[in-house]
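Before any comments, here is the structure.
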Amino acid sequence: SQTIHQWPATLVQPVGSPLSLECTVEGTSNPNLYWYRQAAGRGLQLLFYSVGIGQISSEVPQNLSASRPQDRQFILSSKKLLLSDSGFYLCAWSTGSLARANEKLFFGSGTQLSVL
Amino acid sequence: GIQVEQSPPDLILQEGANSTLRCNFSDSVNNLQWFHQNPWGQLINLFYIPSGTKQNGRLSATTVATERYSLLYISSSQTTDSGVYFCAAALYGSQGNLIFGKGTKLSVKP
């Protein structure tokens, strides 16, 4: 069966420090991968998605970047964190495009990032 | 792009009560899903339901695609049902990104 691992679970970082959050998926090949952010107030905002190695699409211009160095690995990064980067970050995967029938989205356990 | 609206934003129930959560969407969808986020943040996929009705234990969902809404029914609610319920949709022919509603926060009191 497929599983998704995301770490760390919590992270406290000072303003201006770098960031690296990692997500890996097991049990499937060539998944679509996603990074979402959930700010206080509940809404989920899609930040990046990837349909393959090295292929990254950005949904929202911001202080963050994403990379996909391996088929089942997705990394969220920042060179210098801002206070506004605080939030709950969720990695997710699907077997293919969510515009197709029967495609479901599955989430990792999330990382609570506090920038102080 | 597609708009997804959920109601009510907050709901407080006594254990054992039934509830109905609603999701309205602004366009024809090819993909509609319901998720539950527990108090620890974990998001669980409840239903994939772009049309029709599905049931899973005490939970069921119905989507009327022609009228652009979906309903999530929770019967005999339990404290473990507490959390936030999200509806998310994607358009046919879109890039395939799910657009999420703002959620309904459910609190079930013992």
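Could you compute how much accessible surface A:Asp85 exposes when probed at 1.4 Å, giving the result in Å² to the nearest 10?
Here the residue's solvent-accessible area equals roughly 10 Å².
Working with all protein chains in place, sort A:Ser84, A:Ser50 by solvent-accessible area computed with a 1.4 Å probe, largest first. Kindly include the intermediate steps, with their values, before the conclusion.
Numbers: A:Ser84 85, A:Ser50 0 Å².
In descending accessible area the options line up as A:Ser84, A:Ser50.
Buried accessible area between B and A (1.4 Å probe, both chains summed, ligands and nucleic acids excluded), in Å² to the nearest 100?
1900
Summing +1 for each Lys or Arg and -1 for each Asp or Glu, what net charge is found among the other residues whose Cβ lies under 14 Å from the Cβ of A:Gly110?
+1
Based on DSSP, what percent of beta bridges with both residues in chain A are antiparallel, to the nearest 5?
Expressed as a percentage, antiparallel bridges in chain A total about 90.
Quickly work out the B:Ser7-to-A:Gln2 label distance, labels modelled 7 Å from Cα along the C-beta direction, and quote it in nm with one decimal.
Output for this residue pair reads 3.5 nm.
Below 8 Å, C-alpha to C-alpha, sequence gap of six or more: please give me the relative contact order for chain A in percent.
Relative contact order of chain A: 35 percent.
Under a point-charge model restricted to the Cβ atoms of Lys and Arg (+1) and Asp and Glu (-1), what is the dipole moment magnitude of the stretch B:1-88 relative to its Cα centre, in debye to the nearest 20?
So the magnitude is around 180 debye.
Could you order B:Val64, A:Val15, A:Val25 by accessible surface area, starting with the largest, using a probe radius of 1.4 Å?
Solvent-accessible surface, decreasing: A:Val15, B:Val64, A:Val25.
What GluC sites (Glu not before Pro) in the stretch A:20-116 are in a loop by DSSP, with at most 15 other Cβ atoms within 10 Å of the Cβ?
A:Glu59
So if each residue of separation counts as 0.36 nm, and I subtract the Cα-Cα distance between B:Tyr92 and B:Trp40, what length gain in nm does that give?
15.5 nm
Local charge sum around B:Gly103 (other residues, Cβ-Cβ under 13 Å, Lys/Arg +1, Asp/Glu -1)? Write down the numbers at each step before the final one.
Values: positive: A:Arg42, B:Arg22, B:Lys102, B:Lys105; negative: B:Glu5, B:Asp10.
Charge balance near B:Gly103 sits at +2.
How much of the accessible area of the stretch A:3-115, probe 1.4 Å, is carbon plus sulfur, in whole percent?
Carbon with sulfur: 53 percent of the solvent-accessible area.
If you stretched the chain out fully between A:Ile53 and A:Ser65, how much longer would it get, using 0.36 nm times the residue separation minus the C-alpha to C-alpha distance? Before the final figure, lay out the partial values.
Values: separation 12, 0.36 × 12 = 4.32 nm, distance 1.47 nm.
Value of the extension gain: 2.8 nm.
For the protein assembly as shown, what is the convex hull volume of the alpha-carbon atoms per residue, in Å³?
Given the Cα convex hull of the protein assembly as shown, per-residue volume reads 119 Å³.
The values are calculated or read from the model by the stated rules, or taken from the named source; none is laboratory data. Being a predicted model, the structure only gives us computed values, none of them experimental. Positions of Cβ are backbone-derived with ideal geometry, glycine not excepted, and every protein chain shown enters the neighbour counts. For accessibility, only protein heavy atoms count, side chains too; no ligands or nucleic acids. Shrake-Rupley method; radii C 1.70, N 1.55, O 1.52, S 1.80 Å.
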